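The values are calculated or read from the model by the stated rules, or taken from the named source; none is laboratory data. Everything numeric in this text was worked out from a predicted model, so none of it was measured. Cβ atoms come from the backbone with ideal geometry, glycine included; neighbour counts cover every protein chain shown. Ligands, DNA and RNA are stripped out before the accessible areas are found, and what is left, the full protein with its side chains, is counted by its heavy atoms. Shrake-Rupley method; radii C 1.70, N 1.55, O 1.52, S 1.80 Å.
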Amino acid sequence: MEITLAVIKPHVLRNTYAFQQVKQLIKQNFNVLQAKEVRITKELSEQFYAEHQGKFFYHRLTSFMNSGPCYALILQSEACIQKWRSLMGPTKVFRAVYSEPQCIRALYGLSDTRNACHGSDSEASALREIAILFPEFQVKSTAKTQVKQ
Ligand code: ATP
Ligand code: MG
(Lines give C-alpha, C1' and ligand atoms only; values in the text may rest on other atoms or scores of the structure.)
(Ligands and ions follow the chains in the order given, each with its own letter.)
Protein backbone atom coordinates (compact mmCIF):
# COMPACT_ATOMS: atom_id res chain seq x y z
CA MET A 1 0.00 0.00 0.00
CA GLU A 2 1.04 3.54 -0.72
CA ILE A 3 1.50 6.44 1.71
CA THR A 4 1.21 10.18 1.22
CA LEU A 5 1.45 13.41 3.17
CA ALA A 6 -1.66 15.54 3.65
CA VAL A 7 -1.56 19.00 5.19
CA ILE A 8 -4.67 20.90 6.23
CA LYS A 9 -3.96 24.61 5.89
CA PRO A 10 -4.34 27.24 8.67
CA HIS A 11 -7.68 28.82 7.67
CA VAL A 12 -9.37 25.40 7.78
CA LEU A 13 -8.16 24.77 11.34
CA ARG A 14 -9.72 28.08 12.36
CA ASN A 15 -13.09 26.85 11.06
CA THR A 16 -14.10 24.02 13.40
CA TYR A 17 -16.87 22.71 11.17
CA ALA A 18 -14.67 22.62 8.07
CA PHE A 19 -11.83 20.98 9.97
CA GLN A 20 -14.10 18.24 11.36
CA GLN A 21 -15.60 17.59 7.92
CA VAL A 22 -12.18 17.21 6.30
CA LYS A 23 -10.94 14.92 9.09
CA GLN A 24 -14.06 12.77 8.76
CA LEU A 25 -13.59 12.45 5.01
CA ILE A 26 -9.99 11.41 5.59
CA LYS A 27 -10.97 8.77 8.17
CA GLN A 28 -13.53 7.33 5.77
CA ASN A 29 -10.96 6.93 3.00
CA PHE A 30 -7.54 6.21 4.52
CA ASN A 31 -5.60 4.61 7.31
CA VAL A 32 -4.17 7.50 9.29
CA LEU A 33 -0.65 6.44 10.29
CA GLN A 34 0.34 9.70 11.96
CA ALA A 35 -1.44 12.97 12.62
CA LYS A 36 -0.43 16.12 14.46
CA GLU A 37 -0.94 19.83 14.65
CA VAL A 38 2.20 21.48 13.40
CA ARG A 39 3.46 25.04 13.17
CA ILE A 40 5.21 25.31 9.83
CA THR A 41 7.74 28.06 10.41
CA LYS A 42 8.80 30.28 7.52
CA GLU A 43 12.09 28.35 7.29
CA LEU A 44 10.33 24.97 7.27
CA SER A 45 7.81 26.25 4.75
CA GLU A 46 10.59 27.46 2.43
CA GLN A 47 12.19 24.01 2.63
CA PHE A 48 8.85 22.32 2.07
CA TYR A 49 7.99 24.45 -0.98
CA ALA A 50 11.55 24.71 -2.37
CA GLU A 51 10.35 23.63 -5.83
CA HIS A 52 8.28 26.85 -6.03
CA GLN A 53 11.09 29.24 -5.12
CA GLY A 54 11.10 32.20 -7.52
CA LYS A 55 7.41 31.88 -8.45
CA PHE A 56 5.23 34.95 -7.85
CA PHE A 57 3.20 33.22 -5.13
CA TYR A 58 6.18 31.75 -3.22
CA HIS A 59 6.43 34.44 -0.52
CA ARG A 60 2.65 34.63 -0.16
CA LEU A 61 2.40 30.87 0.19
CA THR A 62 5.26 30.39 2.66
CA SER A 63 3.98 33.30 4.79
CA PHE A 64 0.44 31.95 4.77
CA MET A 65 1.55 28.49 5.89
CA ASN A 66 3.17 30.16 8.88
CA SER A 67 0.08 32.24 9.73
CA GLY A 68 -1.30 29.66 12.17
CA PRO A 69 -1.12 25.98 13.00
CA CYS A 70 -1.54 23.40 10.25
CA TYR A 71 -2.61 19.78 10.64
CA ALA A 72 -0.35 17.19 9.00
CA LEU A 73 -1.25 13.56 8.39
CA ILE A 74 0.47 10.53 6.91
CA LEU A 75 -2.21 8.65 4.99
CA GLN A 76 -2.15 5.09 3.71
CA SER A 77 -4.33 3.30 1.15
CA GLU A 78 -4.16 1.76 -2.29
CA ALA A 79 -3.20 4.51 -4.77
CA CYS A 80 -3.15 6.92 -1.87
CA ILE A 81 -1.37 9.80 -3.61
CA GLN A 82 -3.87 10.07 -6.44
CA LYS A 83 -6.84 9.31 -4.19
CA TRP A 84 -6.04 12.20 -1.81
CA ARG A 85 -5.33 14.57 -4.70
CA SER A 86 -8.70 13.66 -6.24
CA LEU A 87 -10.47 14.37 -2.96
CA MET A 88 -8.67 17.74 -2.74
CA GLY A 89 -9.56 18.68 -6.31
CA PRO A 90 -7.95 21.27 -8.62
CA THR A 91 -5.27 23.62 -7.20
CA LYS A 92 -7.18 26.74 -8.18
CA VAL A 93 -10.29 27.22 -6.12
CA PHE A 94 -12.33 28.96 -8.82
CA ARG A 95 -11.69 26.00 -11.11
CA ALA A 96 -12.54 23.57 -8.31
CA VAL A 97 -15.85 25.33 -7.62
CA TYR A 98 -16.71 25.26 -11.29
CA SER A 99 -15.63 21.72 -12.22
CA GLU A 100 -15.77 19.69 -8.98
CA PRO A 101 -18.09 21.47 -6.55
CA GLN A 102 -17.94 18.67 -3.95
CA CYS A 103 -14.15 18.48 -3.63
CA ILE A 104 -12.40 19.82 -0.51
CA ARG A 105 -10.89 22.84 -2.25
CA ALA A 106 -14.26 23.84 -3.70
CA LEU A 107 -15.96 23.52 -0.32
CA TYR A 108 -13.30 25.04 1.95
CA GLY A 109 -10.81 26.88 -0.26
CA LEU A 110 -10.80 30.68 -0.20
CA SER A 111 -8.22 31.59 -2.85
CA ASP A 112 -5.42 30.07 -4.91
CA THR A 113 -3.09 30.38 -1.90
CA ARG A 114 -5.65 29.49 0.76
CA ASN A 115 -6.79 26.38 -1.09
CA ALA A 116 -7.50 24.33 2.05
CA CYS A 117 -5.01 21.49 1.81
CA HIS A 118 -1.86 20.02 0.41
CA GLY A 119 -1.12 16.57 -1.00
CA SER A 120 2.17 15.11 -2.20
CA ASP A 121 2.32 14.69 -5.98
CA SER A 122 4.55 11.59 -6.21
CA GLU A 123 6.11 8.87 -4.10
CA ALA A 124 9.41 10.79 -4.00
CA SER A 125 7.65 14.00 -2.90
CA ALA A 126 5.73 12.10 -0.25
CA LEU A 127 8.95 10.72 1.26
CA ARG A 128 10.68 14.10 1.11
CA GLU A 129 7.74 15.96 2.67
CA ILE A 130 7.11 13.33 5.35
CA ALA A 131 10.79 13.59 6.37
CA ILE A 132 10.33 17.36 6.82
CA LEU A 133 7.15 17.30 8.89
CA PHE A 134 7.53 13.89 10.59
CA PRO A 135 11.31 13.47 10.96
CA GLU A 136 10.71 10.77 13.57
CA PHE A 137 8.62 8.62 11.21
CA GLN A 138 10.21 5.38 10.04
CA VAL A 139 8.94 4.80 6.51
CA LYS A 140 10.02 1.16 6.44
CA SER A 141 7.97 0.12 9.43
CA THR A 142 4.74 0.47 7.49
CA ALA A 143 2.95 -2.35 9.30
CA LYS A 144 1.73 0.45 11.50
CA THR A 145 -1.25 0.75 13.65
CA GLN A 146 -3.90 3.29 12.86
CA VAL A 147 -3.65 6.48 14.88
CA LYS A 148 -6.83 7.40 16.73
CA GLN A 149 -7.92 11.02 16.44
P1 ATP B 1 -0.18 21.14 -3.27
O2 ATP B 1 1.28 21.03 -3.65
O3 ATP B 1 -0.45 22.20 -2.23
O4 ATP B 1 -0.82 19.84 -2.94
P5 ATP B 1 -0.76 21.33 -6.05
O6 ATP B 1 0.24 20.25 -6.25
O7 ATP B 1 -2.14 21.16 -6.61
O8 ATP B 1 -0.98 21.67 -4.53
P9 ATP B 1 1.31 23.23 -6.71
O10 ATP B 1 1.50 23.71 -8.10
O11 ATP B 1 2.27 22.24 -6.15
O12 ATP B 1 -0.19 22.72 -6.57
O13 ATP B 1 1.28 24.53 -5.77
C14 ATP B 1 1.56 24.44 -4.39
C15 ATP B 1 0.71 25.45 -3.67
O16 ATP B 1 1.07 26.74 -4.11
C17 ATP B 1 -0.79 25.35 -3.97
O18 ATP B 1 -1.46 24.45 -3.13
C19 ATP B 1 -1.24 26.77 -3.72
O20 ATP B 1 -1.45 27.01 -2.33
C21 ATP B 1 -0.07 27.59 -4.16
N22 ATP B 1 -0.27 28.05 -5.53
C23 ATP B 1 -0.09 27.33 -6.68
N24 ATP B 1 -0.37 28.06 -7.77
C25 ATP B 1 -0.73 29.28 -7.30
C26 ATP B 1 -1.14 30.51 -7.92
N27 ATP B 1 -1.25 30.62 -9.24
N28 ATP B 1 -1.44 31.56 -7.12
C29 ATP B 1 -1.34 31.48 -5.78
N30 ATP B 1 -0.96 30.35 -5.12
C31 ATP B 1 -0.66 29.28 -5.87
MG1 MG C 1 2.20 20.36 -5.36
Carbon plus sulfur, as percent of the 1.4 Å-probe accessible area of segment 1-88, comes to 49
If I build a Gaussian network model for the chain, linking alpha-carbon pairs within less than 10 angstrom, which residue out of 56, 64, 94 has the largest mean-square fluctuation? 56
Could you order the peptides 107-118, 29-40, 10-21 from most to least packed, using the average number of other C-beta atoms within 10 Å per residue? 107-118, 29-40, 10-21
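Taking a probe of 1.4 Å, how large is the accessible area per residue of the chain, in Å²? Display every interim value, and only then the final one.
Details: 7900 Å² over 149 residues.
Solvent-accessible surface per residue comes out at 53 Å².
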